[in-house]
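Worksheet for the structure shown next.
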Amino acid sequence: MKRPFHWVVSMYRVTGVDLDDPSATIWETWRLGQTPFQWAPPNGYPDVEGAWASNLLPRWSNAAGYAAGWPGSTDFEPDERRAMLAGAPKEHWARAIHAARGGGFSGTDLAVIQDHADGFSSESNQAVSECFELAFSSPSFLRY
């Protein structure tokens with residue numbers, strides 16, 4: 001499982017967010033229990049899955065905020081989320097998100113994302129945000 005800092009940075013990399021102010025990153029990693037340079041022992045944060053496996057709820061909450069572009073997060077705006085879908089119709093959003101990430105999603109994760117997209121009657125900003133939230137919260141994205 002990705003360490004919290006790596007998971008946050010993975011979201012930034014996939015979405016191409018340009019961070020002018022790192023305070024959003026500091027806040028997000030604090031909520032996830034891995035604020036840079038805050039581990040008191042000189043050996044650094046634990047690098048084993050067991051140390052981070054219990055913080056899934058904060059990750060899911062963080063993914064929801066990031067995908068929705070909530071204040072206090074970064075500026076991942078609705079237009080940018082739509083641009084990442086490359087004009088794909090709703091029926092192909094999971095594949096478009098998969099392609100934007102450069103692959104790596106399991107078939108199960110892609111099916112869950114696409115089923116969720118198919119549940120919306122229109123291609124609203126909320127639908128797009130929720131599909132990205134599911135992608136960022138998926139087991140495929142949580143792992144290296």
Open item on the list: Given axes a ≥ b ≥ c from the Cα gyration tensor, I'd like to know whether the chain is rounded (a/c under 1.5), prolate (a/b larger than b/c) or oblate.
Closed with: prolate
- [ ] For the chain, give the percent of accessible area contributed by carbon and sulfur heavy atoms, probe 1.4 Å, rounded to a whole number.
- [x] 57
Open item on the list: Leaving out ligands and nucleic acids, and using a 1.4 Å probe, what accessible area per residue does the chain come to in Å²?
Closed with: 53
Open item on the list: Please report Rg (one decimal) and Dmax (integer) in Å for the Cα set of the range 87-144.
Closed with: 10.4, 34
Task: Alpha-carbon centroids, the range 100-117 and the range 1-49: separation in whole Å - done: 24
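Once you keep just the Cα pairs under 8 angstrom separated by 6 or more residues, what percentage relative contact order results for the chain?
28
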TODO: Rank these by accessible area, largest first, 1.4 Å probe: Arg81, Arg143.
DONE: Arg143, Arg81
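The values are calculated or read from the model by the stated rules, or taken from the named source; none is laboratory data. For clarity, every value in this text was computed on a predicted model and none was experimentally measured. In case anyone asks, the SASA skips ligands and DNA or RNA and just uses the protein heavy atoms, side chains included. Shrake-Rupley method; radii C 1.70, N 1.55, O 1.52, S 1.80 Å.
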